[in-house]
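Asker: What follows is a structure written as structure tokens; I'll ask about it next.
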Amino acid sequence: MSEYLSAAVPFPEPRNQDERSFWAHCAQKRLAFRRCTSCGHTQNPPLPLCPRCQSTDYEWINAPDHAELYTYTVVHHVIHGSVSESVPYIVAVVMFPELGGLRFVTNLVDVRHDEMVIGMRVSLVWEAFKDGVYLPRFAKGRVES
């Protein structure tokens with residue numbers, strides 16, 4: 001897969017151990033989310049405790065390789081100088097039915113704007129970023145390891 005956004009885009013600064021754990025999984029090409037071991041609720045973003053039962057007991061689970069397009073927007077305006085050469089690009093929210101409808105904000109790649117349909121099946125792909133980190137993206141109709 002070609003680079004979707006410029007390498008000049010700043011990498012998110014993890015603010016806590018939960019966010020660092022998320023990005024450590026991504027460095028291994030694993031899209032993982034926290035699941036409460038008390039009630040089974042899967043959460044995103046990772047939080048210090050379960051929003052359903054307030055438990056602090058959790059495990060990291062891998063997301064499925066496929067999701068559904070929940071919603072999207074096509075960004076045409078430069079919001080940061082680092083994306084000036086990348087517009088238009090697609091910001092998408094994908095939903096994992098197998099994870100209780102968990103939603104994840106990402107980019108949809110390798111799909112024309114007129115091909116996008118809410119509910120369409122999308123596949124996880126990985127984009128190499130900086131310092132051995134990979135960014136989870138989604139594309140129409142393919143799976144990449």
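No lab work stands behind these numbers, since they all come straight from the coordinates. None of the values given here were measured: they were computed from a predicted structure. FYI the Cβ positions are ideal-geometry reconstructions off the backbone, even for glycines, and counts take in every protein chain you see.
Asker: I'd like the orientation of helix 17-27 relative to the chain: the angle between its Cα long axis and the longest Cα principal axis, in ° from 0 to 90, rounded to 10.
Answerer: Computed tilt is about 50 degrees.
Asker: May I pose another question? Starting from region 47-98, pick out the GluC sites (Glu not before Pro) whose DSSP state is loop and whose Cβ has at most 16 other Cβ atoms within 10 Å.
Answerer: The qualifying sites are GLU85.
Asker: In whole Å, how far is the Cα centre of region 51-101 from that of region 25-46?
Answerer: Each part's Cα centre sits 13 Å from the other's.
Asker: Kindly give Rg over Rh for the chain, based on alpha-carbon atoms, with the Kirkwood expression for the hydrodynamic radius. Mind showing how you got there, number by number?
Answerer: Values: Rg = 15.6 Å, Rh = 16.1 Å.
Dividing the radius of gyration by the Kirkwood radius yields 0.97.
Asker: log10 I(q)/I(0), Debye, Cα-only region 36-118, no solvent, q = 0.11, 0.23, 0.26 Å⁻¹?
Answerer: -0.42, -1.05, -1.21
Asker: Which cysteines in the chain lack any other cysteine whose Cβ sits under 4.7 Å from their own Cβ?
Answerer: CYS26
Asker: Helix-only estimate, please: 222 nm mean residue ellipticity of the chain, summing -39500 (n - 2.57) across DSSP H runs of length 4 or more and dividing by its residues, to the nearest 500.
Answerer: -2500 deg cm²/dmol
Asker: Let me ask something additional. Compute, for the chain, the length of the dipole vector about the Cα centre, with Cβ point charges of +1 (Lys, Arg) and -1 (Asp, Glu) only. Units Debye, rounded to 20.
Answerer: Dipole of the chain, to the nearest 20 debye: 240 debye.
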